[in-house]
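Notes follow the structure.
The values are calculated or read from the model by the stated rules, or taken from the named source; none is laboratory data. This structure is a prediction, so every number in the text was calculated from the model and none was measured. Cβ placement follows ideal geometry from the backbone for every residue including glycine, while neighbour counts extend to all protein chains displayed.
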Amino acid sequence: MKHLRSSSIAACALTILAAVTINAQTTATTDPVGFMTIDLPVGSDTIVATPLTKAPVFQGAVSSLSGFTITATGASFGSLTSTPHYVQAITGSQAGIIFDVASNTTDTITIVNNGLSPTGLSNGVSFKVIPYWTLSQLFPSTDQGVSFTASASTTSPARRTQILTPNLTNTGINRSAAATYYFVTNTYWRSTAGGTNNFDGTPLLPDTYFIVRNTTNSAAGKLTVAGSVNTGTMTVQLDRATNQNDNYVSLGRPVDIRLNDLGLISSGAFQQSVSATTPGRRDQLLVFSNSTIGFNKAAAVTYYYVTNSGWRSTATGTNDMGSSVIPAAVGYVVRKATNATAGSEFWSNNMTVAP
């Protein structure tokens, strides 16, 4: 997946979050706020997907599009590059797709050219601008001893809580992490590959996940995420290759989602299997369990979809698994089957807030 760029969920969300439901057809237009707390046990990897976004700094309509630059007449954008921001279309043919901000003026935004033309951001299309969560915003220094255990020094034996981000650029399955970060007591976030450089501003993407690794010398932590509910369409790019390819993904939703409500099938982004036999299986959905303690955990369950029959699990044979639930705030892997040509599909999921 290229950017165009389970934990235990405590029952402590704001009341408005209790009204959030998934719906495959309708999109809400307002973003309620709330918070969630995620348990981070000691001696284990916890696969975390941010369930809430930072508050949008702008929501409005496109006045014009020229190449990779959109104009919103009357807007008053501040700096959108001093910290990383992204544009997300709300309506139109590219609703839900995320585009990274490259530069901006008072009323224009130029987005990063990562291979996808923003043709859907045409005149009249609604969009919002949202700051990315960064390492220091989601895990601030004031949270030492709360959401993470600080490391005494940069040496490997002294490292405690570590945050691993997935490799989103290469292809293949079971890829190693792209980067590993840790916090040195009373300083800032470092990278195992970056020496003493400051990585506080590293963005944590809303359509993928990260792993919080609490070593056996760490203390258990609790991560509280407070922010906005993305109630509109979320669209995730799924890349296929000439061999099996893992996409490390999340929808960034604060609620559990049934397999039947994911939108993987209705969006055409998930290749259906011709049978339940191993040779007949195509794309697979790998879901992890954060209640299992350990490092480098394998998926707890693997799902696939048989044409005209529905969701199946590799562990249950012909049972219909469409009502199975993927927990909130947990990332998962869409493993694309081997294809004759490389390319991408776009998976769209819609969300609504119940009245």
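Summary of values
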{"quantity": "Among (1) assigned by TED's automatic domain parsing to the domain that holds F77; (2) acidic (D, E); (3) in contact with a Ser or Thr (Cβ under 7 Å, 6 or more places away or on another chain) - the single one D207 does not satisfy", "calculated": "(1)"}
{"quantity": "Filter pass, I38 being in contact with a Leu (Cβ under 6 Å, 6 or more places away or on another chain) and either modelled with pLDDT of 95 or more or of a type in the set (A, V, I, L, M) (or both)", "calculated": "yes"}
{"quantity": "Given (1) part of a loop (DSSP other than H, G, I, E, B); (2) modelled with pLDDT under 95, index of the condition S76 fails", "calculated": "(2)"}
{"quantity": "Condition check for T53: surrounded by fewer than 18 Cβ atoms within 10 Å (Cβ to Cβ) and touching a Pro at 6+ places or on another chain (Cβ under 9 Å)", "calculated": "no"}
{"quantity": "Flag for G280 being out of contact with any His (no Cβ under 7 Å at 6 or more places or on another chain), within 30 Å of T37 (Cβ to Cβ) and in the same structural domain as A337 (by TED's automatic domain parsing)", "calculated": "no"}
{"quantity": "Residue count for the stretch 103-128, restricted to those that are at pLDDT below 95 and either of a type in the set (A, V, I, L, M) or touching a helix residue (DSSP H, G or I) at 6+ places or on another chain (Cβ under 8 Å) (or both)", "calculated": "1"}
{"quantity": "Failed item in (1) within 22 Å of V249 (Cα to Cα); (2) modelled with pLDDT under 95; (3) of a type in the set (V, I, T), with T29 passing the rest", "calculated": "(1)"}
{"quantity": "Pairs with Cβ under 7 Å, 6+ apart, first in the stretch 250-276 and closer than 21 Å to L168 by Cα, second of a type in the set (G, A, S)", "calculated": "S250/A49; S250/G331; G252/A49; R253/A328; Q271/A337"}
{"quantity": "Search result, residues across the stretch 70-91 that are crowded, with 18+ Cβ neighbours inside 10 Å and polar (S, T, N, Q)", "calculated": "Q88, T91"}
{"quantity": "Output for the stretch 108-123, where each listed residue is surrounded by 15 or more Cβ atoms within 10 Å (Cβ to Cβ) and not hydrophobic (A, V, I, L, M, F, W, C)", "calculated": "T108, T110, P118, G120, S122"}
{"quantity": "Restricting the stretch 245-277 to residues that are hydroxyl-bearing (S, T, Y) and more than 17 Å from the chain's Cα centre (by Cα), the residue that is farthest from P32 (Cα to Cα)", "calculated": "T277"}
